[in-house]
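Quick notes on the structure that follows.
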Amino acid sequence: MLIKVRSASQASENEVTPRGLFLSRRSIMAGGAAALALGGTGVVPGPALAAPFQAPLTVSPKDPKMDAQTPMKSATSYNNFYEFGTDKTDPSENAGTLRTRPWEIAVDGDVGKPTTFGIEDLLSFPLEERVYRLRCVEGWSMVIPWVGFPLAELLKRVDPTGNAKYVAFQTLADRSQMPGLKYPVLQWPYVEGLRMDEAMHPLTILAVGMYGETLPNQNGAPVRLVVPWKYGFKSIKSIVRITLTQDQPPTSWNRSQPREYGFYSNVNPEVDHPRWSQATERRVGEFSRRKTLAFNGYGEEVASLYAGMDLRKNY
Ligand SMILES: Nc1nc2c(c(=O)[nH]1)N[C@H]1C(S)=C(S)[C@@H](COP(=O)(O)O)O[C@H]1N2
Ligand SMILES: [Mo]
């Protein structure tokens, strides 16, 4: 696939929204939405969804037909976010109770400089737009223009030590904000993990927006992981902690169904899920199925990370 990611230093100054301008526009809009939404319910809403980013478009899809973007309406109303319920429409209906300000991610573990990043710190990283396929292990997929920055940029700031071999991620788990936590469908909090080289790979991003706007709550606001060559469940939402570790960390779906979900979970049309084939997928909003690509189509960039590994065993 054609991928041309310009680094932030290459982006000319007027392409990147100055942080101050962005923040003030967002808080103005959030204030307006709050005034409207507070009408009687007493629920404090998250920030407005319609806060535009002006990140430069840095990735061009290779095949415009294959990679037509999923309509934003579909990508924000057909979701997996079990903290808000297990039906596809539950997250868009229930995630309004998630409070995304203030928000912090604690980064700790095998690092020289453990650091807590506030959401404003995260928004001050140079943001890029990345159009990625997202392939759910259930057999559906979407093409989403994310707004975010490489996870590697965050990790570099905390000085990983030589012991750091893996990166563990954790989602918020607050019953007062997340109605799905009362159901033991998974062990809460939702946790995920990557090997250090996967985490440092330039395709791996922390997303803070999509479709040029602030990330909607149902899509993992205010900050989520996106790892495009792995099944969607690796892309953990609403992250509050990132811990660098020496040992492979537990992951939610592996812990819940070890026979069905492994640690790596690379998209692999040749390895069937025990209960269904992974050879094809249906784009949300389309009717016919298309072939699933090895590594979700990102093999050129990432296959070398797995040289010498048996990917049938390490599923
Ligand atoms: N915390 C958390 N993260 C999560 C999930 C979840 O239930 N909880 N679901 C995962 C799954 S199975 C998929 S397919 C993607 C879906 O992302 P989307 O709803 O933005 O398309 O989020 C992943 N991240
Ligand atoms: Mo998924």
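The values are calculated or read from the model by the stated rules, or taken from the named source; none is laboratory data. All values derive from a computational prediction rather than experimental measurement. Glycine also receives a Cβ, built like all others from the backbone with ideal geometry; neighbour counts cover every protein chain displayed.
Would you confirm whether or not region 252-275 contains a residue that is closer than 20 Å to residue 91 by Cβ, within 16 Å of ligand 2 (Cβ to nearest atom) and loosely packed, with under 15 Cβ neighbours inside 10 Å? Yes, region 252-275 has at least one match. When residues in region 77-127 are screened for being at positive phi and away from ligand 2 (no atom under 16 Å from the Cβ), 1 of them pass.
Residue by residue, here is whether (1) away from ligand 2 (no atom under 16 Å from the Cβ); (2) in a loop (DSSP other than H, G, I, E, B); (3) in contact (Cβ under 8 Å) with a residue 60 or more places away in the chain holds:
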site	(1), (2), (3)
145	yes, no, yes
154	yes, no, yes
167	yes, no, yes
189	yes, yes, no
203	yes, yes, yes
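In this structure, residue 198 does not satisfy being touching a residue at least 40 places away in the same chain (Cβ under 8 Å), buried (at least 22 other Cβ atoms within 10 Å of the Cβ), in a strand (DSSP E or B) and not aliphatic (A, V, I, L, M).
Residue check: is residue 181 more than 9 Å from ligand 1 (Cβ to nearest atom) and more than 19 Å from residue 99 (Cβ to Cβ)? If you could, list the steps in order and put the result at the bottom.
On the way: more than 9 Å from ligand 1 (Cβ to nearest atom): yes; more than 19 Å from residue 99 (Cβ to Cβ): no.
So residue 181 fails the test.
Being out of contact with any Pro (no Cβ under 6 Å at 6 or more places or on another chain) and at pLDDT below 95 holds for only one residue in 288, 238, and it is 288. For region 253-260, check the following and say yes or no: at least one residue is in contact with a strand residue (DSSP E or B) (Cβ under 6 Å, 6 or more places away or on another chain), under 24 Å from residue 163 (Cβ atoms) and either in a loop (DSSP other than H, G, I, E, B) or charged (D, E, K, R) (or both). Looking through region 253-260, none of the residues is in contact with a strand residue (DSSP E or B) (Cβ under 6 Å, 6 or more places away or on another chain), under 24 Å from residue 163 (Cβ atoms) and either in a loop (DSSP other than H, G, I, E, B) or charged (D, E, K, R) (or both).
Would you tally the residues in region 94-143 being of a type outside the set (S, T, N, Q) and assigned to a loop (DSSP other than H, G, I, E, B)? Of the residues in region 94-143, 16 are of a type outside the set (S, T, N, Q) and assigned to a loop (DSSP other than H, G, I, E, B). Residue 222 satisfies every condition listed in (1) crowded, with 24+ Cβ neighbours inside 10 Å; (2) within 16 Å of ligand 2 (Cβ to nearest atom) except (2). Taking the conditions exactly as written (aliphatic (A, V, I, L, M) and touching a helix residue (DSSP H, G or I) at 6+ places or on another chain (Cβ under 6 Å)), does residue 240 satisfy them or not? For residue 240, the condition - aliphatic (A, V, I, L, M) and touching a helix residue (DSSP H, G or I) at 6+ places or on another chain (Cβ under 6 Å) - is not met.
Across region 85-120, what is the number of residues that are of a type outside the set (Ser, Thr, Tyr) and within 12 Å of residue 238 (Cα to Cα)? Final tally of qualifying residues: 8.
The single condition from (1) in a strand (DSSP E or B); (2) within 14 Å of ligand 2 (Cβ to nearest atom); (3) closer than 19 Å to residue 101 by Cβ that residue 237 fails is (1).
With respect to residue 297, determine if the residue is at positive phi, surrounded by fewer than 16 Cβ atoms within 10 Å (Cβ to Cβ) and more than 15 Å from ligand 1 (Cβ to nearest atom). Taking the combined requirement at face value, the residue does not satisfy it. Screening the candidates 142, 178 for the property of being touching a Cys at 6+ places or on another chain (Cβ under 9 Å) and closer than 18 Å to residue 79 by Cα yields one hit, 142. Does residue 184 satisfy the condition of being more than 16 Å from residue 95 (Cα to Cα), surrounded by fewer than 20 Cβ atoms within 10 Å (Cβ to Cβ), away from ligand 2 (no atom under 16 Å from the Cβ) and at pLDDT 95 or above? Yes: the conditions hold for residue 184. Evaluation of residue 171 against the conditions (1) in contact (Cβ under 8 Å) with a residue 60 or more places away in the chain; (2) within 16 Å of ligand 2 (Cβ to nearest atom); (3) of a type outside the set (A, V, I, L, M); (4) surrounded by fewer than 20 Cβ atoms within 10 Å (Cβ to Cβ) shows that the sole unmet condition is (4).
Of the residues 135, 130, which is under 18 Å from the mean Cα position of the chain (by Cα), surrounded by 20 or more Cβ atoms within 10 Å (Cβ to Cβ), away from ligand 2 (no atom under 16 Å from the Cβ) and of a type in the set (Lys, Arg)? Reasoning before the result, please.
Numbers: 135 fails: away from ligand 2 (no atom under 16 Å from the Cβ).
Sole residue among the options that is under 18 Å from the mean Cα position of the chain (by Cα), surrounded by 20 or more Cβ atoms within 10 Å (Cβ to Cβ), away from ligand 2 (no atom under 16 Å from the Cβ) and of a type in the set (Lys, Arg): 130.
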